[in-house]
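S.K.: Starting off with a structure, shown below.
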């Protein structure tokens with residue numbers, strides 16, 4: 001895996017996205033059978049920048065810079081820093097495991113065998129939120145750490161003009177200058193409970209670096225977040241117009257495409273001859289058809305959907321747009337009969353074949369036999385389940 005990832009060492013965001021993709025394919029079923037991930041992730045990044053589906057708890061945003069600042073203070077050289085960081089992150093697992101709240105500990109089962117360290121999971125988010133100020137991928141940071149030490153040494157002896165000193169200082173800075181200090185007993189003792197100072201620091205970072213995001217709004221306006229989806233939040237009426245618009249389009253996309261996912265699973269169940277599975281998907285599809293917001297879907301401006309998602313860090317292909325538009329048209333025309341509609345069946349089938357190619361379960365008998373009976377059978381929530389946990393950690397710290 002290391003050689004496969006080498007080409008994205010320079011791009012921390014690309015690296016984290018790749019790790020997310022890998023984690024999904026390591027699960028029993030891929031979660032993006034119909035190739036809707038780019039639209040989903042575009043919404044998620046606009047609403048909740050710096051987050052990912054493999055983040056667990058908010059205080060990792062402090063654990064990682066605290067660890068690296070400690071290593072920098074010890075002037076751990078480039079040839080050793082990756083291993084030293086790994087040792088520190090593995091040791092942190094034991095410290096967290098001894099705390100009262102053990103939910104969300106990364107590596108709690110794998111321990112020393114852990115392959116994906118928390119630092120690799122949170123690296124892009126640390127940069128997006130402005131906690132990490134050095135514009136390097138984690139691997140580049142490791143390689144350049146000796147140069148950073150040299151810059152800092154030069155800075156101490158600098159006698160140049162103020163502007164030159166400023167440039168020198170900026171190039172030697174790695175972490176936010178106002179990052180709160182770790183507790184005195186850290187890392188021997190560690191917990192996920194944020195201090196008030198740490199929570200305020202996160203609020204300030206989001207306000208400065210992600211000001212227009214829905215995440216920043218929720219972080220700086222604590223409220224009831226116990227909803228299954230962000231568009232169901234009781235404070236919806238107080239959100240600004242951009243947030244309302246993003247949430248409305250995200251909701252309609254989630255609701256509409258859920259029908260396509262159910263159709264896909266129903267077709268595979270039928271192809272496998274699994275009558276019980278087919279009946280379950282048929283019932284769920286009928287429930288979906290009875291409850292979809294058809295009036296809103298009929299008024300849905302798909303051109304605006306692309307304006308909100310295309311060009312925001314994710315490539316949404318023409319074929320993807322065509323599939324979505326075609327499915328929406330079919331929903332508007334005959335949403336209740338789509339499960340048996342020949343055009344709808346063919347549309348979903350051809351889309352899966354285009355996405356999975358030789359791995360298509362419609363054409364690959366082995367792939368069909370290995371199918372567990374459920375592929376992505378959920379409504380999109382755009383990381384909301386994860387974001388809620390991060391926000392709850394933040395709110396607890398503010399209390």
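A short reminder: the numbers here are calculations on the coordinates, not readings from a lab. Please read all numbers here as calculations on a predicted model, not as lab measurements. When we count neighbours, we look across all protein chains shown, and the Cβ atoms used for this are built from the backbone with ideal geometry, even at glycine.
S.K.: To test your reading of the geometry: what angle, between 0 and 90 degrees and rounded to tens, separates the Cα axis of helix 342-356 from the longest principal axis of the chain?
M.R.: Computed tilt is about 30 degrees.
S.K.: Across every pair of different alpha-carbon atoms, what Kirkwood hydrodynamic radius in Å does the stretch 100-150 reach?
M.R.: Computed over Cα pairs of the stretch 100-150, the Kirkwood hydrodynamic radius comes out at 12.9 Å.
S.K.: By counting other Cβ atoms within 10 Å of each Cβ, how are 56, 51, 317 ranked from fewest to most?
M.R.: 317, 56, 51
S.K.: If packing is taken as the mean number of other Cβ atoms within 10 Å per residue, what is the order of 296-302, 259-265, highest first?
M.R.: Ranking, from highest mean packing down: 259-265, 296-302.
S.K.: Right, another one. Among 267-279, 208-220, 346-358, how do they line up from the highest to the lowest mean number of other beta-carbon atoms within 10 Å?
M.R.: The peptides rank, most packed first, as 208-220, 346-358, 267-279.
S.K.: If you don't mind, another one. Give the peptides 85-93, 370-378 in descending order of average Cβ contacts within 10 Å, highest first.
M.R.: Peptide ranking by packing, descending: 85-93, 370-378.
S.K.: Pick from 110, 124, 227: which is most flexible by mean-square fluctuation in a GNM of the chain where alpha carbon atoms under 10 Å apart are linked?
M.R.: Largest GNM mean-square fluctuation: 110.
S.K.: Which label belongs to the value computed from this structure, given these candidates for volume of the Cα convex hull per residue in Å³: (i) 209; (ii) 121; (iii) 171?
M.R.: Working out volume of the Cα convex hull per residue in Å³ from the coordinates points to (iii).
S.K.: So, one more: Using the Cα atoms of the stretch 52-130, I'd like the radius of gyration and the largest Cα-Cα distance, Dmax, both in angstrom.
M.R.: Cα-based Rg and Dmax for the stretch 52-130 come out at 12.5, 36 Å.
S.K.: Rg and Dmax in Å for the stretch 224-365, alpha carbons only: what are they?
M.R.: That works out to 16.7, 52 Å for Rg and Dmax.
S.K.: May I pose another question? Over the Cα atoms of the stretch 60-209, what radius of gyration and what Dmax do you get, in Å?
M.R.: Just the Cα atoms of the stretch 60-209 yield Rg and Dmax of 16.3, 54 Å.
S.K.: In whole percent, what relative contact order does the stretch 60-209 give with Cα contacts below 8 Å and a gap of six or more residues?
M.R.: Result for the stretch 60-209 is 31 percent.
S.K.: While we're on this one: Where does each of 113, 61, 396 land when they are ranked from fewest to most other beta-carbon atoms within 10 angstrom?
M.R.: Values: 113 8, 61 26, 396 14.
Ranking 113, 61, 396 by Cβ neighbours within 10 Å, fewest first, gives 113, 396, 61.
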